[in-house]
Amino acid sequence: MTRKSMAAVVVVPVLLALAGCGGSSSPAQVKSGSPHVWQVSEKQKGQVVHVSVGDTVQVTLHNTYWMLSPVRGNALLPLVSGGPSPGGSACPNIPGTGCGVVSQAYHAQHSGTATLRASRTSCGEAMRCVGSAGSWSVTVDVR
């Protein structure tokens, strides 16, 4: 493999990954045929997300201090896997940074509305959350 082709192998995936980090606040739809997977994060805080029965809603909150609450409403069923994941080598080797993600997938089992909520008391190392910084919620409308 030439040096130029090796650069393309590295640069193209990086550019694709960066393209997914845009400022859009709409949930990202991961196309995997039907049903669909909808990605939601802090960007969708306070929004209503419309999904179809059979779809999956994947929540990813970017700090391990977040604690997901039980779902309000019965339209969504939590899938088995989920929870905090450390951020890996990109994170500082300092305890208490919260570097990583908390994630959970939910199955849209039938029509209705459900609210996904999370809370945290720490917004950084030794920094208490104030105001709405310590809470997150999204309403999911399943049709």
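What follows draws every value from the coordinates through simple rules; no lab data is involved. Predicted model, so just to flag it, every value in this text is computed and none were measured. Neighbour counts are summed over all protein chains in view; Cβ atoms, including those assigned to glycine, are modelled from backbone coordinates with ideal geometry.
Quick one: plug the Kirkwood hydrodynamic radius of the stretch 88-141 (C-alpha pairs) into Stokes-Einstein at 10 °C, 1.306 mPa s, and report D in µm²/s. Approximately 115 µm²/s, per Stokes-Einstein.
The fraction of all Cα pairs in the stretch 21-139 landing in successive 5 Å bins from 0 to the largest distance is 2, 11, 20, 23, 20, 13, 7, 3, 1, given as whole percents. Look at Ser135, Ser111 and count the other Cβ atoms within 10 Å of each Cβ; fewest to most, that gives Ser111, Ser135.
Report the gain in length on full extension from Arg128 to Gln109: 0.36 nm times residue separation, minus Cα-Cα distance, nm rounded to one decimal. Please report the intermediate quantities before stating the final value.
On the way: separation 19, 0.36 × 19 = 6.84 nm, distance 3.67 nm.
3.2 nm is the gain from fully extending Arg128 to Gln109.
Give the calculated FRET efficiency between Asp141 and Thr60 to the nearest 0.05, with a Förster radius of 25 Å applied to their Cβ-Cβ distance.
About 0.80, to the nearest 0.05.
Ordering Ser81, Ser26, Gly96 by Cα displacement along the dipole of the stretch 25-142 toward the positive end leaves Gly96 in first place; charges were set at the Cβ atoms of Lys, Arg (+1) and Asp, Glu (-1).
With the gyration tensor restricted to C-alpha atoms of the stretch 57-109, the semi-axes of the equivalent ellipsoid amount to 26, 10, 7 Å, longest first. Protection proxy ranking, highest mean first, for peptides 118-127, 69-78, 89-98: 69-78, 118-127, 89-98, where packing is the per-residue count of other beta-carbon atoms within 10 Å, averaged.
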